[in-house]
Structures are given as C-alpha cells and as structure tokens.
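Participant: Structure in structure tokens, see below.
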Amino acid sequence: MSDDHTHVQEFFSARAADWDSRFPDDGPAYAAAVGELGLRAGDRVLDAGCGTGRALPPLRAAVGPSGVVLGADLTPAMLHAAVRAGRDRQGRLLLADVAALPLRSRSLDAVFGAGLISHLPRPAENLRELARVVRPGGVLALFHPIGRAALAARQGRQITPEDLRAEPNLRPLLAGSGWRMTSYADEDARFLALAVRED
C-alpha cells in the first residue's frame, strides 16, 4: 500500500467512530446534492470514498429498489461505522480503492464523491478511473457540505491558488480525465461540481 493510502486510512480510522456525530446536520445538504445528479429509477450509482455512507440513503431513494447503489471506501473503520448506522441496507459496501475499482468499464450511470478530491493521491489518474466505470453521458458529482472558504476557516488555513477545487483548476483537471464540467457552485453552505462523462 502506498504512503498516500496509509495516510488516508490512518486519518479516517482515527475519526470513524465519531464522524457522524461531528457533522450531524449534513443530511439535507447530501440529499440536495444527490438530487442534482438527475438519477432515475433503476440507475446504477457509486458513492466513491463513501466513508460512513451518509449519501447512501438519498442515493437509494433516487434510484429506487430496482437500482444499484454501491459505496466504496479505502478505510475499513469507516465502512464498519456505515454498517453500525444501518446504511449497508441502502447499498452494497466495498472495501476498495477508487484508484482501482473492482467494477466493469461503463457499468455505472453516476458517481458521487463527497469530500473526495482532496484525498486523491493522483487526481487526474483517479478521476480517469472514475470515468472508466461510468457510461458515456453519465454524471459525476464532487460535493462537500460546506464551501471552500468555510472549510478552510474551519481547518484554520487559507485557500491557496493551487486548490484543486478552484474552478480554474478543476475544470481542466476534469477535462483531461474524461469529464466535462457542467456546473460549479462554491458557496458557504456547499461545494458542488457536476460533470458529464465524455464519449
């Protein structure tokens, strides 16, 4: 396992048990972001870096009982927390690295990634892997329940021009990885970038 993976696992393993209690009011923001994916009954969707599975209930509601909901995460402790919360009933949980997903090419309609991009060790390559598993015309949502400035303030740091989530950086990063950005919102109450899988 690479040092990047070890760092991510250590970071989230230490926080998994109380993760949901630290952010108890995020549910409506997750539901609203999922609503913007435009999912239909029967769609197949992946929550990439699903953590404790907070997006799984709204994803399941969007695709209905005939749809497929998968949650993939690198950290066993986060998946255990998802099971403790009962969210494994909303979708199938996979212990998997988003850099090498155990999924067929073009097998999904959409990918949802909450807080994902800042934890990708090789963003262009990793976003390309997400593109691989999504059909042409499928959708990617990169989400965070608060915007970049609010998150930086919470973490006691400044936003830098190199921030991957800044629109001038994210748009070409996505374009070089098989995605075309269709909308971008960076507000105090949320960050949400939507992109479509190119042919």
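Participant: Can you pull out the trypsin sites (Lys or Arg not before Pro) in the range 136-199 whose DSSP state is coil and whose Cβ has at most 14 other Cβ atoms within 10 Å?
Facilitator: Counting only loop positions with at most 14 other Cβ atoms within 10 Å, the trypsin sites (Lys or Arg not before Pro) in the range 136-199 are ARG157.
Participant: State the percentage of accessible surface on the chain attributable to carbon and sulfur atoms; use a 1.4 Å probe and exclude ligands, DNA and RNA.
Facilitator: 52
Participant: Taking the Cα centre of the chain as the origin and placing charges on Cβ (Lys, Arg +1; Asp, Glu -1), which of TRP179, LEU93, ALA124 is farthest toward the positive end of the dipole?
Facilitator: Going by the charge dipole, the pick is LEU93.
Participant: What does the charge count around ARG104 come to, taking other residues whose C-beta lies under 14 Å from its C-beta (Lys +1, Arg +1, Asp -1, Glu -1)?
Facilitator: Charge balance near ARG104 sits at +2.
Participant: Just to be sure I understand the model, the point goes 7 Å from the Cα along the line to the Cβ. What's the resulting ASP188 to LEU95 distance in nm?
Facilitator: If labels sit at ASP188 and LEU95, their model points lie 4.2 nm apart.
Participant: Add -39500 (n - 2.57) for each DSSP H run of 4 or more in the chain, then divide by its residues: what number comes out at 222 nm, to the nearest 500 deg cm²/dmol?
Facilitator: So the helix-based figure for the chain works out to -9500 deg cm²/dmol.
Participant: How many percent of all Cα-Cα pairs in the range 28-83 sit more than 12 Å apart?
Facilitator: The calculated P(r) of the range 28-83 puts 62 percent of pairs beyond 12 Å.
Participant: Also, I was wondering about something else. Suppose we look only past 30 Å in the calculated P(r) of the chain. What percent of the Cα-Cα pairs does that tail hold?
Facilitator: 12
The values are calculated or read from the model by the stated rules, or taken from the named source; none is laboratory data. Given the structure is predicted, the values throughout are model-derived calculations rather than measurements. In this analysis, Cβ positions are derived from the backbone assuming ideal geometry, glycine residues included, and neighbour counts consider all displayed protein chains. These area figures cover heavy atoms from the full protein model, side chains too; ligands, DNA and RNA do not enter into them. Shrake-Rupley method; radii C 1.70, N 1.55, O 1.52, S 1.80 Å.
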